[in-house]
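Shown next, in structure tokens, is the structure this report addresses.
What follows is calculated from the coordinates using simple rules that are stated; it is not laboratory data. Computed from a predicted structure; not experimentally measured. We place every Cβ from the backbone using ideal geometry, glycine too, and count neighbours over all the protein chains shown.
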Amino acid sequence: MEIPRTFNGPPESGNGGWSAGMFAAQAGARVGGPALEVTLRVPPPLETPLSYADGSVLDGETLVATVTEAAGEIPAVGPVGLATAEVAADSYPGFIRHPFPTCYVCGPERPDGLRIFSGPLPDGRTAAPWVVPAEIDLPVVWAALDCPGGWTALQHGRTYVLGRIAVSADALPEPGSTCVVVGEATEFAGRKAMVLSTIYAPDGTKIAAARATWIATS
């Protein structure tokens, strides 16, 4: 398996959520199945042959990631309406300062990306509308859950990258539909930010939820 350059996060490594979703799918993750958790050990390399065996993703001898069953339930972030999410997205901090502006998920310089611009809500959560692409699969769902959780930490100005993410997916969103993605920070401890994110369908049905740990780069 390889991570195509299209799915970058930082310029020279894979988007953490998409990469983790691909690794989880390789480990047997499926819609409606048990939640899996992926821990990234190094930045996922782009366009590099990777192997998977016994819960480990390898680049030659280098351990890239591990995949395990997720422990416990993954809580959902409370929903908000589409109009509220659209207003929040207008204040997306990444329009002004973005550590990785070409990120596949949230980069404003990626017209071909997911363009999920998570803006702040008055209670500290984030929200954004998301127009689901025609080609939707489990790694794209993982990607859509990634950055909206991260921006609950990034919105404070410190740079973070994904370290670990666990996802429970009940369904795939309908291509072309406009979903709402919400994020919430649950704890900050040193360099770690613990966050949640949830995708809601246009009718308010929960589609998927994630629990993640983001690590500050400095």
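Structural remarks
- Answer residue from region 4-34, given it is hydrophobic (A, V, I, L, M, F, W, C) and not in a loop (DSSP other than H, G, I, E, B) and is surrounded by the fewest Cβ atoms within 10 Å (Cβ to Cβ) among those: Ala25
- For Val38: the one exception among (1) touching a residue at least 40 places away in the same chain (Cβ under 8 Å); (2) under 20 Å from Val195 (Cα atoms); (3) in contact with an Asp or Glu (Cβ under 9 Å, 6 or more places away or on another chain); (4) not in a loop (DSSP other than H, G, I, E, B): (3)
Every residue, every condition in (1) under 17 Å from Val141 (Cβ atoms); (2) under 13 Å from the mean Cα position of the chain (by Cα), yes or no:
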{"position": "Ile3", "(1), (2)": "yes, no"}
{"position": "Thr6", "(1), (2)": "yes, no"}
{"position": "Pro11", "(1), (2)": "no, no"}
{"position": "Gly14", "(1), (2)": "yes, yes"}
{"position": "Trp18", "(1), (2)": "yes, yes"}
{"position": "Ala25", "(1), (2)": "yes, no"}
{"position": "Gly32", "(1), (2)": "yes, no"}
{"position": "Glu37", "(1), (2)": "yes, yes"}
{"position": "Val42", "(1), (2)": "no, no"}
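- Number of the condition not met by Val161 [criteria: (1) β-branched (Val, Ile, Thr); (2) surrounded by 23 or more Cβ atoms within 10 Å (Cβ to Cβ); (3) touching a residue at least 60 places away in the same chain (Cβ under 8 Å)]: (2)
- Residue tally, condition at negative phi and either under 14 Å from the mean Cα position of the chain (by Cα) or touching a residue at least 40 places away in the same chain (Cβ under 8 Å) (or both), over region 106-135: 20
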